[in-house]
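Input: a single structure, listed below in structure tokens.
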Amino acid sequence: MDPPAAQYVTTADGYSIAYAAIGSGQPFVFLSGYVFPIDGMPWIFQLLSRIIPARYFIEVLRGVILRGAGIAELWRPVAWLSLYTFLIIGLAVARFKKTTA
């Protein structure tokens, strides 16, 4: 007998959720610079990649793992990631306050 989670994933709704998760995250992977270099993208995609936090995360990972970079070299992507973090947490807190009020 399959566990309940395995039964759910094999239903039509489970497949729909899996496809939605993959389909909604895939553009972020492509625009982050992980698969294709950002400099080789059309200008509109280069602009779109600036609003995706994964781009800055990839920059930090490449800097630390490949070059051994320190915070002095990586302060810009770290600052953008921090800004995104505070923005999302702030929006979440504001929305939570609205739902509990």
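The values are calculated or read from the model by the stated rules, or taken from the named source; none is laboratory data. None of these values were measured; they are calculated from a predicted model. Neighbour counts are summed over all protein chains in view; Cβ atoms, including those assigned to glycine, are modelled from backbone coordinates with ideal geometry.
I need the full set of residues from the range 69-101 which are loosely packed, with under 11 Cβ neighbours inside 10 Å and among the basic types (Lys, Arg), in order please.
Within the range 69-101, ARG95, LYS97, LYS98 qualify.
Restricting to the range 89-101, and then to whatever is hydrophobic (A, V, I, L, M, F, W, C) and assigned to a helix (DSSP H, G or I), can you tell me which residue is farthest from SER49 (Cα to Cα)?
Applying the filter and picking the extreme gives PHE96.
Suppose the filter is hydrophobic (A, V, I, L, M, F, W, C), loosely packed, with under 11 Cβ neighbours inside 10 Å, modelled with pLDDT of 70 or more and closer than 22 Å to PRO77 by Cβ; does ILE38 pass it?
no
Report yes if PHE86 is part of a helix (DSSP H, G or I) and modelled with pLDDT of 95 or more, otherwise no.
Criteria met by PHE86.
Is one or more of the residues making up the range 61-69 more than 21 Å from the chain's Cα centre (by Cα), at pLDDT below 90 and charged (D, E, K, R)?
no
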